[in-house]
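Since the structure comes first, as C-alpha cells, the remarks are kept for the end.
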Amino acid sequence: MSQHNPELQAPHQPNPEEAIRPDAPDFIETPEVATVSDETERLPLWLFFLCGFALFMAGSSFTGFNTFGLGLYDQGPGGPALGPGGSGPDVVVTDPVALGKKIYNGNCANCHHADGEGQPGVYPPMGGSEYVLGSKERLAALLLHGISGPITVRGGSYGSAVMPGWAISFTDDQMADLMTYLRKSWGNTANEAKADEVSAARAKFASKADAYCEADLQKIAPNGPDPSDTKK
C-alpha cells in the first residue's frame, strides 16, 4: 500500500505567456540594444572639397602647370626649368664679357684682383696693359702657355712669379670669352676675341713646351693695337 505525502506537490509549470510578463517571478529584464540603421553616415561636404583641392595641387607638379602662376612646384618633364629664384626659366648667358668675367673671377682675380690692378712688382695690371690691348694672337699665346720672368706693363716691371698656361684648362670659346673680358674691362675698349682666333693661335704655337718670356712675346708681335682694332 503506497503512502502519499500531501505536502509534496509537483512544481508549478510556468505559462509561456506569463514568463515574459514583467510581474512574472522569473522575469529577467533584457538591456535595450540600439537599433542599427540601414543608412550610412555621410561625410561632410567640406572634406570632399579639401581632398579634391589636394589632388589638384599634387597633380599640377607632375603635369607641368605653373600653379596659379606662382611657380611653387617642380614643373616636371616638359615644363620650363626654373631659374635660381624659382620664378621662371633659366636665362642662358651668351654675352662673352659676362662669361669671361666668370672665368677671370674664378682663375685670375686671386693674383690680378677683381679691379684688374694686380700687385705692384709682382702681378701686372689689366687696365691699359699693352699685352691685353695689343695683338690678340700674342695675348692668346701668353694665356695658352704662360709667362716667366719680368714683363714691362705701363712702364713698370712685373714678374717675380710665374703665370701658368691655360691651354688644357679652357676651350677655344672659353679662352675667347676671357680675352674679350680683359679687352673690354677696366677702361679697355678693344675688339672682342673670337674662338677661331684662339684656335689658330693654339695650332700655331702648339709646339711651345714652356712658358714665354717677354722677348719671345715681342717676337710674336710688337706693342701696339691689334690690326682688327685699327679697322673700327
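Each value in this text was obtained by applying a stated rule to the coordinates, not by laboratory testing. Nothing here was measured: the structure is a model prediction, and the numbers come from that model. Because the Cβ atoms are built from the backbone with ideal geometry, glycine has one as well, and the counts that use them run over all protein chains shown.
Results, tabulated for the structure shown:
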{"quantity": "Over 23 Å between alpha carbons, listed pairs Lys136/Lys219; Lys136/Lys208; Lys136/Lys184; Lys101/Lys204", "calculated": "Lys101/Lys204"}
{"quantity": "Distance from segment 130-148 to segment 152-181 (C-alpha centre basis), Å", "calculated": "6 Å"}
{"quantity": "Packing-based ranking, highest mean first, of 183-196, 133-146 given that Cβ atoms within 10 Å are counted", "calculated": "133-146, 183-196"}
